[in-house]
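Presented below is the structure to which this report refers.
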Amino acid sequence: MCNSGVVERGERRRWRVCCRLRPSACIGSSEPAGRYKYVTRSRRRAGRQCQAYCQRVLSLAGRRGATAMSEKGSSAKVALSRPCILVLVMAGVERFANKGVGSNLVTYLTGVVGMSTATAAKSVVTWTGVSFMLPLLSSILTDSYWDRYSTLAASSLLYVLGMVSLTVWALLRPRMPRPTLFIPLYLMAFGQGGYQPTLQAFGADQLGIGDDDAEPGLTAEEKGKVKSLFFQWWYFGICSGSLLGNSTMSYVQDNFGWVLGFAIPSGVMALSVAAFFCCTPLYRETQPKGASGKPSSPSGICKVLKSILAGRKISLQSQDDNGDTMSELELQEKPLKAEPADAKGGPDEAAPSVAKVILGLLPIWAILLIFAVIFQQPMTFFTKQGMLMDHTVGRGAFVIPPAMLQSSITVSIILLVPMYDRVIIPLINAVTRGSDGITVLQRIGVGMVLSVVAMVIAALVESWRLRVSAASEGAARLKIFWLLPQYVLLGVSDVFTVVGMQEFFYTQVPASMKTISIGLYLSVFGVGGFLGALLITVLEVATARPGNSKGWFSDDPGEAHLDNYYWFLALLCFISFVIFTHLCKFYSGKNASGK
């Protein structure tokens, strides 16, 4: 402390003399008493004055140190570290690669591989369902056995292996058996299952504000601003990547070939993974661990599963909120702030009955599955519907790939999210003469209604297309732009329902289950994908008739009736909405009606 930089250079000798004379007065000084004497006064008086002088200089040092830390915090709160920036770029690249393959996959399966419309749609929704279900498993394994860096390293290599294998398969397609196509696709799904939920939490770790020892000069408000900055750029990155993947890659695939269309996302993804490994020395390890130095044990999760099967009530000790794992929203999704744990209560009071919480969420979880089925339509039957329409611009100089219209969903989300709090909520308050906006459950319900309207519009447009095609014997076709309303409405419904779903599941579980809550949210879309594939199979058999083996999903544009399928989905979603409104009346979860 005697050589502290916050003490003026002219006072340093006097400071050192005091420390040598009375080292006990110098807090933190380990120097032994020396030959220096305070010669102008008696030793006792000099000792008292030296002690007062030490306290004054230490107070000055504390104030200057706090000022220095405050200045350091002021600069840190407006800037992100290089590892954080790399993670943001990786998030955008992953969305670009995923959308670059998945958004136009049904076109590849029907137009190149030779699958029927129904088979291709079932393959795509099943693949999507697996991709949404795997994050639940990977998040449990990451929190229980692995660390985030190891999970990212393994899953990223698996992801790149799947994409490169898909490119090679497209190159060697004439000599490859058709079933082998699913090997690279499901390699991608397994890679995405570990990559997607871990990347955001890993990026948040690199902020260095999750624990008390890191960045002590930052206040709670400044830490919140740093987190907000990170998640704002995260949202921008995934939306930008999705927009580029939906638009540019579908055009490349339709006009320059599928090998190049798969090779570009594979190469970009490989470069981002290489950059991730090259920056390994820069990363900080802040994943919460137990007292043993290892990741938290899965005993709590096992207790949850056993209690559900046995019908018992148990309590788990809540973790600190800084230890909660944060997760990404596809296309949207703003991070949510965890509720502070109750410091007064013990473990039994802090965490409610886990089995009761999960069982209480199951009715809401199940009723949202129909919305998840509708969520899969843009990348399957909407794209196939666009292939049967006129997608030229002007005199045919430019051809719009049908999958490119999926970009309108992303654009509508990007435009609506900033307007939600500034325009929509004030408008609702003006109409209802209130000041509280809408609740989380009401937000989900609004999205479900919009999805019903979107399916009704899709059915009307498809009925119109069939009439125009039949009247002209296939010579005339509707413009593909007539599909824009159904795409935009589904994008708007995503802002309400998808974000509302995440907030609902996140706020209904104790602090020790925040990671699983994100898995519950994603599993809605995973199971919804499987349900969609089952629904297509059942309707394919039920609507088949002599001379038309595929029924509503016939490959013959004149025989297919996607309009009936859309009407059926609209009816199912309306019924689920009615049931949902009744469930909301009896739901007693915590903050279920909160914003």
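The values are calculated or read from the model by the stated rules, or taken from the named source; none is laboratory data. Please read these numbers as outputs of a predicted model, since none were measured by experiment. Here Cβ is always computed from backbone atoms with ideal geometry, including for glycine, and neighbour counts include all displayed protein chains.
Within the set VAL252, VAL164, the sole residue that is under 21 Å from TRP127 (Cα atoms), β-branched (Val, Ile, Thr) and either part of a helix (DSSP H, G or I) or at pLDDT 90 or above (or both) turns out to be VAL164.
Annotation: GLU473 fulfils all but one of (1) loosely packed, with under 14 Cβ neighbours inside 10 Å; (2) assigned to a helix (DSSP H, G or I); the unmet one is (2). Considering only residues in region 352-378 that are part of a helix (DSSP H, G or I), modelled with pLDDT of 90 or more and aliphatic (A, V, I, L, M), the one that is farthest from GLY529 (Cα to Cα) turns out to be ILE364. I need every pair where a residue in region 235-253 that is not assigned by TED's automatic domain parsing to the domain that holds GLY102 has its Cβ under 8 Å from the Cβ of a residue that is at pLDDT below 90, sequence separation at least 6 or different chains. Filtered contacts from region 235-253: no entries.
Pairs are defined by a Cβ separation below 7 Å, a sequence spacing of at least 6 or placement on different chains, a first member in region 73-96 that is over 25 Å from PHE262 (Cβ atoms) and modelled with pLDDT of 85 or more, and a second member that is part of a loop (DSSP other than H, G, I, E, B) and aromatic (Phe, Trp, Tyr); the pairs so defined are PRO83/TYR283. Read through the list (1) modelled with pLDDT of 85 or more; (2) surrounded by fewer than 19 Cβ atoms within 10 Å (Cβ to Cβ), then give the number of the only condition that PRO216 fails. With respect to (1) modelled with pLDDT of 85 or more; (2) surrounded by fewer than 19 Cβ atoms within 10 Å (Cβ to Cβ), PRO216 is out only on (1). Does region 133-149 include one or more residues that are outside any helix (DSSP H, G or I), touching a residue at least 40 places away in the same chain (Cβ under 8 Å) and among the aromatic types (Phe, Trp, Tyr)? For region 133-149, residues outside any helix (DSSP H, G or I), touching a residue at least 40 places away in the same chain (Cβ under 8 Å) and among the aromatic types (Phe, Trp, Tyr): present. Search region 355-369 for residues that are within 15 Å of LEU441 (Cα to Cα) and pair each with any residue that is surrounded by fewer than 16 Cβ atoms within 10 Å (Cβ to Cβ) and small (Gly, Ala, Ser) when their beta-carbon atoms are under 8 Å apart and the residues are at least 6 apart or on different chains. The qualifying pairs are GLY360/SER588. Within the set ILE409, ILE444, the sole residue that is surrounded by 14 or more Cβ atoms within 10 Å (Cβ to Cβ) and within 22 Å of LEU583 (Cα to Cα) turns out to be ILE444.
Here GLY386 passes the criteria (1) within 23 Å of the chain's Cα centre (by Cα); (2) within 19 Å of ASP254 (Cβ to Cβ) except the one numbered (1). Could you check how many residues of region 427-441 are touching a residue at least 24 places away in the same chain (Cβ under 8 Å), surrounded by fewer than 17 Cβ atoms within 10 Å (Cβ to Cβ) and assigned to a helix (DSSP H, G or I)? So the answer is 0.
Set side by side, the residues LEU158, LEU229, LEU152 differ, and just one is surrounded by fewer than 22 Cβ atoms within 10 Å (Cβ to Cβ) and either at pLDDT 85 or above or touching a helix residue (DSSP H, G or I) at 6+ places or on another chain (Cβ under 7 Å) (or both), which is LEU158. May I ask you to list the residues in region 106-149 that are surrounded by fewer than 19 Cβ atoms within 10 Å (Cβ to Cβ) and acidic (Asp, Glu)? Answer for region 106-149, where residues must be surrounded by fewer than 19 Cβ atoms within 10 Å (Cβ to Cβ) and acidic (Asp, Glu): just ASP147. Just so you know, in region 78-105 the residues that are among the small types (Gly, Ala, Ser) and closer than 27 Å to ASP254 by Cβ include one that is surrounded by the most Cβ atoms within 10 Å (Cβ to Cβ), and it is GLY100. The combined condition, being in a helix (DSSP H, G or I) and either of a type in the set (A, V, I, L, M, F, W, C) or without any contact (Cβ under 8 Å) to a residue 24 or more places away in the chain (or both), is fulfilled by ILE424.
Yes or no: MET513 at pLDDT below 85 and under 27 Å from the mean Cα position of the chain (by Cα)? Yes. Against the list (1) closer than 28 Å to LYS122 by Cα; (2) at pLDDT 85 or above; (3) surrounded by fewer than 23 Cβ atoms within 10 Å (Cβ to Cβ), the condition GLY532 fails is (3).
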